[in-house]
Amino acid sequence: MINIVATPIGNLKDITLRALEVLKSADAIYCEDTRHSLKLLNAYDIKKPLFPCHKFNERAAAEKIISAAREGKEIAVISDAGMPVISDPGNVLCTALKEEGIAYTVIPGANAFLSALILSAMPADRFAFIGFLPDKAGEKKQLLEKYKDLDMTLCFHVAPQDIDRDISAMYSVFGDRNACAVREITKIHEEAVSFTLSQGLAGEKRGEYVVLVEGAKERANALNDLPEREHILHYMAQGMDKKEALKQAAKDRGVPKSELYKFSLDL
């Protein structure tokens, strides 16, 4: 069996009992950085063969893992911290396992962006995880444009050396919004700092960040400036039938559907 295992994101005590059982019973453990993972394994006196599985060799590692699985071996796959696949290696492996019809399972555990979302106290009923932004400014802006109209909290992973540039890019695309930068999650210096995109994040930038940005608020208001008929047509052009479009337009405007019905008769 192949086990995708979540590991602590800071505090080593956050590993689960099940994760420890799986790691102790594994024939081999594949990890991003063998030196980094050795610290965790040594803390729990786990002595197992370690093999690299990172973004530069994941396809080759997947072939070795598939071969081991066919031999009936127990394999554990971990990343440096948190859940493999989520902004970490593992997706190529999972795709290869699916294609080969080889069963695998997940040993859940710590996750940085979900923990940060809770620490930020920002709306969590709906949210979108974006992860790391591209390095190039043009690609960064292009990706942000895709999410600027979402009316839900946006979650980003940001390295300390990139945080000022990323926040500046967010401001240029989103305009001014409330945000929160969370770092050192589960560690001694854990903190969640609220700010606005126009202000930027003050202070020295240290540690890996999760940045939460509030969702769009202006879209419905802009649509409300349209004539009633055009408002309904806007949603029909997106693929809604007339009934759905009428309902959404009424919701945007805060009026009963019956009030807009007359504007849809010829649509």
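The values are calculated or read from the model by the stated rules, or taken from the named source; none is laboratory data. Being a predicted model, the structure only gives us computed values, none of them experimental. With ideal geometry, Cβ positions are generated from the backbone for all residues, glycine too; neighbour counts draw on all protein chains shown. For the accessible areas, the whole protein counts, side chains as well, though only heavy atoms, and no ligand, DNA or RNA atoms are used. Shrake-Rupley method; radii C 1.70, N 1.55, O 1.52, S 1.80 Å.
On a 26 Å Cα-Cα criterion, which of the cross-link pairs Lys55/Lys217; Lys146/Lys217; Lys47/Lys98; Lys140/Lys187 come out too long? Lys55/Lys217; Lys47/Lys98; Lys140/Lys187, as the Cα separations exceed 26 Å there.
Springs join every pair of Cα atoms under 10 Å in this Gaussian network model of the chain, and among Val193, Val182, Val210 the largest mean-square fluctuation is at Val193. Model label points for Val173 and Lys24, set 7 angstrom from Cα along the Cα-to-Cβ axis, are 4.6 nm apart. With all protein chains kept in place, the per residue accessible area of the stretch 47-178 amounts to 54 square angstrom at a probe of 1.4 angstrom.
In a fully extended conformation the segment linking Glu74 and Gln238 would gain 54.2 nm over its present Cα-Cα distance, using 0.36 nm per residue.
Counting only protein heavy atoms and a probe of 1.4 Å, the accessible surface of the chain is 50% carbon and sulfur. The stretch 55-116 has equivalent-ellipsoid semi-axes of 22, 13, 10 Å, by the square roots of 5 times the alpha carbon gyration tensor eigenvalues, sorted largest first.
Could you compute the FRET efficiency for Lys262 and Ala128, with r as their C-beta to C-beta distance and R0 at 30 Å, rounded to 0.05? E(calc), rounded to 0.05, equals 0.25.
Determine the percent antiparallel among the DSSP beta bridges restricted to the chain, to the nearest 5.
50 percent
Count the DSSP beta bridges whose two residues both fall in the stretch 1-150, then state the antiparallel fraction as a percent rounded to the nearest 5. Rounded to the nearest five, the antiparallel share is 5 percent. Converting the Cα gyration tensor eigenvalues of the stretch 107-205 into ellipsoid dimensions via √(5λ) gives semi-axes, longest first, of 21, 16, 14 Å.
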